[in-house]
Amino acid sequence: MKIRKIHIDCFGKFENYDLELSEGMNVIFGQNEDGKSTIMAFILMMFYGYSGRSKDLSKNLRDKYRPWNGNEMKGHILFEHKGILYRLERTFGKSNSSDKVKILDEITGETIKWASTKDPGQEFFGLGEEAFSKSVFIGQGGILVDASGKKDEITEKLLNLVTTGSEDVSYKKALDTLTSSMEALVSKSGKQGTLVKAKEEMAKLKEERYEAEQDELDKKQAHLSIGQLKEMLMEEEAKERGLKEQLKVLEYASEMEKVEEALYREEKLLIAEKEADQVKEKLSTREGMLTKEHLEHLKKLLKDQEDLSKKLQAEEERLKRLKQDLTSLKENPIQEVRKEDLEALKEKEEHLLKCKELLTHLHLEKEKLDELEEIKKKRAALKEKHTQLKLTYHRERKDLQEKEITCREGTAEKERLEEEKQQMELELKNLQVEAAILKEKVRGTEEREKEESIKRERSIKEAMERLQEAEKPRKVTEETAGGKVVHKGMLGLALLTAAASVVLAMVLEPIFYSGLLLAGILILLSIRKKSSVMRVVEIVDESLVARYRDELKTVQKESEEKKREIREALQEQKTKLEKTEEGVLKTESLLRELVEKLKEKAFVVTGLKKDLEEKTILSAQLEERLAGAEEDLKEQELLLKKEENEKGFMDRQELSSKITDTETERHRLKKETDDFLDSFQVDTYDGLLQLHHLYRGHQEKLKEKEENLQGESEGVLKLKRAGEENLKILLEKIADIKEVEDLSAAEQVLLKMEDALEEYDRLYRHVSYLKSERKPLELSMTREELASNKEELRNTIGKLLGKENYTEEDLQKVRQGKEEKEALETRVQSLREEITKKQTELKEKYRHRKNLSQIDDELDFYKEKVEKRQRIYDALKIAREQMEGAFSELQRSFGPKVNEKTEEIFRRLTDGKYQKVRVTKDFSISVEDPERKSSYEWGFLSGGTIDQAYLSLRLAISDLVMSGEENLPIFLDDVFTQYDDERAYEGLRFLYEYAVKKEESLQAVLFTCHRRLFEWARELGNIDVMEIGRTRK
């Protein structure tokens, strides 16, 4: 099985992100927080979802990776399984049940159906989530393996492979089936199961038979109690009716309070309306009341007038600047330059140029005469130079041969020293590696000593605390039976009733003997059961104290022995480390001396090589110069013959005369040109041309300024007229409110009107609020009617109280009666509820009770059921004992397969340093030291070695769970974090060979934040390396 492509629509920090994976080894590099663990979590959740409900954000993956922007958390994965390309799509909801999962055949587009009870990971990987996480999915910090999972799926699959050759055929399931069938009859605790329940039902039926005989007596006593409660209820109801008549006064008093509150609200409303009317008068104008819209219109006119004034001021300033610019241009005119002046100057300069060209030609002729004489002199010098070069070349050639011999001897000596240096560096590296391993061992032992010290202290402290707790006296409650008690008053009444009945029967009528029956009932009621008495005593469990005291001594003794063992091992490691470090220092010293010698020899050889190169270059240069000199000599001789034979030269005196005449003509033309330029105060023709352009530009600018000035003057005039018209309109409109003469006065009037309008709005809202707060009482009656109603209610209360001028104390007395009425109503309601409750309880108590014949029939039925299930239970017990005996032999082969595979991988990871590894059933690891031939638990090893051991175990488990099936991809997140460079490189190389060079290659995906792994992967080749966000191969 292979993952081809991962697409994340929205998950954690990723949005619309693609990651393509190839077959074999993939190394993905990213800095911390680039999203490596996020991609690992996405793969896990796509195949298995997430069912955790932790409130801790760091443990709840569904909440941890939910996008902050609120988008749906979803994506898809393309993967190949058994030659078919599938597409897994998942949109994450709040739980696995609300996730939308879809699997498609990527080629045909057909939707794939699978068992809804399974995750896609179970369907395609053949592993549950826990087995997947313990084998091929190695998250950050997740190298360690344990068998503490709730399903222990890994252990089960490995055991099936060992015992049956198939991970799906399990003796354990068969054994569990027998055990579960037995526990269905009788549980482990012996308190549950169908057989136990049948026996319990028999016991219950026997108790029911006894209880049925007691029911009739209980019914008679209950009816008597209910009759007494009914008599009490009738008395309390009579009292309640009497109090109700007295409490009508409070109703009238409450109604009068409501009338007084209504009068108060009406008075507040009247005052607010008067204040609003006063403010409204201030807002009156000729056309009516000033509205907010009218005021806003006037304020807009005022703002428009202010804007016009500002604009007019700005335009006047601009007009003033234009006048100043025009005056400045007129006061600073530019000198006039005509086109004819430019043409005259150009003609003079062309004539001057021709004179210069003629003069240049004459000078060239003169130079040629000089060159001919120079050639003759040079030929003589070249002959002399050629002779000297021949002598120098032969001398330097001899020196070059001597330098070559010396250089070869120095190079041979340097190579010998370098070989000696490499041997010493290799020896030093071996010593340093050995020292580093010893340091790691010392550090691990010291850490283990600290951990063991903390554990020892904790164990001793816990043992002492248990001892102290056991020595403390404990309070125990004892129960003493209560027996029976006689109610003396009721017994006396019964005896008195019996005596009276006898006397009356003897004196009057025999019918009075029936009173003896009542006396008998009273005697039975007078005898009651007394509740049991609880007594608290303090005791100390001496046996428990002795046991905890022995336990404390044992813990202290074991702690001391373990402390001594660790210290001896630490001292031995430190001694070995000191010797190794001394060897490192000695080797480093010898290496430094050798390096110094090598540097000196290298310096000498470099100097010799440099001299040799210089001599070689000099010899070649001399050879080139000699050949060049011979060529130059031949060339000069040929040139001289050619010049003398082919060319005729002018006489030197005639040539000098022509040069003098031409110079005179050039000076005259130069003076005329300079005088013409000086008249315009320029230096060149270009300067005169620029002055001509300046003159034309000045004239055009002057014309443009005059036109702008005229336009601006007209604009200012228009703005003045518009401002005057707008001011006239504003003052006319404000005159409706108050006569004003200028803009400032108009602004003051508008400010006052604005304040008055705000005050009116506030009062109007207050009046509206008071009107909305009016109750139905004041809406239905006038103020006069409310006052009249108040007076009538006061008179009615006075009549009921019997006082015309009653006080609050009188009403308070009536209110106390109300409290008494409420208490009375509570007692009445309580009595009614108690009567109803007792009647209901009595009815319910005997509704489902069985008669004796029904109970006897059920007892016979359960007796037969118990006998039948007991026979089944005995048969299952015999079958399980036989299967356990046969299965114990098969279980012994569990360890060797895991050990064999783990040893093979661990040996390769450690380059043969450790040969033997033992793995227990709960996946604890111990390693054999090849030197001492003794085993150590993983806690004694360094962090890096522990990681190597457990990585070996994880890969071994992966191999076993994939045995006989299609290879699954392996996912690893920074598994080399604690590895040094050498171990990390060897681990990466092993993973590469493990994934690519197997008989049937598998896909491995390694996420890392270490650049070194990324670079090593590129060097190894045939590994796809990529960075988060971009891919490099």
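The values are calculated or read from the model by the stated rules, or taken from the named source; none is laboratory data. All values derive from a computational prediction rather than experimental measurement. Heads up, the Cβs are rebuilt from the backbone with ideal geometry, glycines too, and the neighbour counts pull from every protein chain shown.
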Item checked: Any hit, the range 438-450, residues being surrounded by fewer than 14 Cβ atoms within 10 Å (Cβ to Cβ), in a helix (DSSP H, G or I) and at pLDDT below 80 -> no
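Here is a yes/no grid of residues against (1) in contact with a helix residue (DSSP H, G or I) (Cβ under 8 Å, 6 or more places away or on another chain); (2) modelled with pLDDT of 90 or more:
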position	(1), (2)
I3	yes, yes
K36	no, no
M46	yes, yes
S54	no, no
L61	yes, no
G75	yes, yes
G83	no, no
Item checked: Where Q812 falls short, out of the listed (1) at pLDDT below 75; (2) surrounded by 11 or more Cβ atoms within 10 Å (Cβ to Cβ) -> (2)
Note to self: For the list (1) assigned to a loop (DSSP other than H, G, I, E, B); (2) within 31 Å of the chain's Cα centre (by Cα); (3) surrounded by fewer than 19 Cβ atoms within 10 Å (Cβ to Cβ), I need the number of the one condition that S1001 fails.
What the structure shows: (2)
Note to self: So if I check each of E613, E637, which one is modelled with pLDDT under 70 and part of a helix (DSSP H, G or I)?
What the structure shows: E637
Notebook entry, point to check: Would the range 688-710 turn up any residue that is in a helix (DSSP H, G or I), farther than 30 Å from R338 by Cβ and at pLDDT 75 or above?
Noted result: yes
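Give the residue, chosen from V716, V767, V749, that is surrounded by 14 or more Cβ atoms within 10 Å (Cβ to Cβ), closer than 30 Å to I271 by Cα and either over 60 Å from the mean Cα position of the chain (by Cα) or aromatic (F, W, Y) (or both).
Going through V716, V767, V749 in turn, just one is surrounded by 14 or more Cβ atoms within 10 Å (Cβ to Cβ), closer than 30 Å to I271 by Cα and either over 60 Å from the mean Cα position of the chain (by Cα) or aromatic (F, W, Y) (or both): V749.
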Margin query: Can you tell me which condition S98 does not meet? The list is (1) more than 17 Å from the chain's Cα centre (by Cα); (2) surrounded by 15 or more Cβ atoms within 10 Å (Cβ to Cβ), and all the others hold.
Written below: (2)
Checklist line | Subset of the range 934-963 that is assigned to a loop (DSSP other than H, G, I, E, B) and more than 19 Å from E434 (Cα to Cα) - its residue that is modelled with the lowest pLDDT | finding: S963
Margin query: I'd like the full set of residues that are outside any strand (DSSP E or B), in contact with a Phe, Trp or Tyr (Cβ under 6 Å, 6 or more places away or on another chain) and of a type in the set (A, V, I, L, M), limited to the range 42-94.
Written below: L61
Checklist line | Boolean, Q313 is in a helix (DSSP H, G or I), under 30 Å from G697 (Cβ atoms) and modelled with pLDDT of 75 or more | finding: no
Check: Between a first residue in the range 198-219 that is under 30 Å from A184 (Cα atoms) and at pLDDT below 75 and a second residue that is assigned to a helix (DSSP H, G or I) and of a type outside the set (V, I, T), which pairs have beta carbons less than 7 Å apart while being 6 or more apart in sequence or on different chains?
Finding: R209/L852
Item checked: Meets criteria (closer than 30 Å to L127 by Cα, modelled with pLDDT of 80 or more and assigned by TED's automatic domain parsing to the domain that holds D959) for E183 -> yes
Next item on the list: Find all pairs meeting these conditions: Cβ atoms under 6 angstrom apart; at least six residues apart or on different chains; first residue within the range 121-140 and within 20 Å of F1007 (Cα to Cα) and in the same structural domain as L968 (by TED's automatic domain parsing); second residue among the charged types (D, E, K, R) and assigned to a helix (DSSP H, G or I).
Entry: I138/R954
Item checked: Selection status of E257, under 21 Å from A787 (Cβ atoms), modelled with pLDDT of 75 or more and of a type in the set (D, E) -> yes
